[in-house]
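These notes concern the structure reproduced below.
The values are calculated or read from the model by the stated rules, or taken from the named source; none is laboratory data. Note that the coordinates shown come from a computational prediction; the quantities given were computed from them, not determined experimentally. As a convention, Cβ positions derive from the backbone with ideal geometry for all residues, glycine included, and neighbour counts pool all protein chains shown. Side chains included, ligands, DNA and RNA excluded: accessible areas come from the protein's heavy atoms. Shrake-Rupley method; radii C 1.70, N 1.55, O 1.52, S 1.80 Å.
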Amino acid sequence: MKVTILGTGSIALASAALLGGQHHVTLWSPSGRGIAGLEAGRLEVSGTGVGAGLSSGADTLSTSVAVHTAPGLADALNGAQVVIVAVPAYGHAAVLRACAAHLVTGQSVFLMPMLSLGGLLLAQRLAQRGVACLIVGFGTTVMTARKTGPAAVRLLARRDRLELAALPPSDTPRALALARSLFGDRFAAQSDLLAISLSQTNPVAHVPLALANLSRMEKGEAWTQYDHMTGATARMTVALDRERLAVASAFGLKVRSIEEHFHYSFGAPLMDFSGQCLWVHANLGSPAGPVSLDTRYITEDVPFGLVFYARMGRMAGVATPVADGCIALANAAYGRRFDQDNDLLAAIAPESIGIDALRKTLAGSPGAISSKS
């Protein structure tokens, strides 16, 4: 199968590592700089041996897989059967708009993960051209990984269970079959793209942790994450998570709690969140915490996570004081307005659409409304 991956960060390279042994994989970088080092056609892979093309079942591996690169987006998309969008949150809107000009009917687009209803923006743009693609939103990424060089990636944890949904939802069975053919039988269906957007737990896990460790980050200290997500930080995380669940419930949706996410992603027992974090730290180890204020734990997860949750809460009449407080604290600490940085929400403008029209659109009528920009 011909698979194009848009992006060259950790998740993009991890996806290429999982697929490169059995599929024709092409990588594209929005800036053009990310494919430097990949032109030789090999991606060096280390870490956990899982997935197609790797030594499945091995505890560790060190290998390489074949990849291709494309200098231009049109070339990257031409002939691709599956397109995986794996760029930073702040790049989604621009990349989706650019893709909409080149995609053709019959192609499938995986947003891994899908943020702030981004799949709706793509559907609206494609509808303007009369193009019908399978649009699939992932609740999170298949792997966690670290980019270790221009053409090297270290695979960390593989998620045994994650959710996805298609637009329209009637296409979700087809999306499940396609995702399983690429990444294995680890996917479950969610109801629609709003449920997928509200399923994002990274902002819930990352923002309280970062806010509680701002001085460590600012000083560049070395620290680990899961042993610092206990006690007061865990309680703040759970309070934030309960607001997310309440927003989803107000829309008639059910999404996984942070505790369920840690259970299905890491195998942690279903217990209080503080205990789960200690279990992961003791049994799987902890990734390093951010060593700079310039971290996606704030710069992406606040505007594209908490701001989205809070705005959906206002639409549904659900108070989100913890999310609002975290946003205000991040704004104050960084001297920025993260609440104005979500260009996906600016394009979709869900408040001007209204709940009824939004749900109708997500149910399968992408042409019912048009994006602002």
(message) Going by what's in this entry, would R146 be described as open to solvent by 20 Å² or more (accessible area, probe 1.4 Å) and at pLDDT below 95?
(response) yes
(request) Please work out which residue is farthest from N202 (Cα to Cα), limiting yourself to the stretch 116-140 and to residues that are open to solvent by 30 Å² or more (accessible area, probe 1.4 Å) and in contact with a helix residue (DSSP H, G or I) (Cβ under 6 Å, 6 or more places away or on another chain). (result) A127
(request) Output the qualifying pairs, or none if there are none: Cβ atoms under 7 angstrom, residues six or more apart or on different chains, first residue in the stretch 1-18 and within 14 Å of S108 (Cβ to Cβ), second residue aromatic (F, W, Y). (result) T4/W28; L6/W28
(message) Can you report the number of residues in the stretch 266-317 which are hydrophobic (A, V, I, L, M, F, W, C) and in contact with a Lys or Arg (Cβ under 7 Å, 6 or more places away or on another chain)?
(response) 0
(request) For the stretch 28-44, enumerate the residues that are without any contact (Cβ under 8 Å) to a residue 60 or more places away in the chain and either among the polar types (S, T, N, Q) or in contact with a helix residue (DSSP H, G or I) (Cβ under 6 Å, 6 or more places away or on another chain) (or both). (result) W28, S29, S31
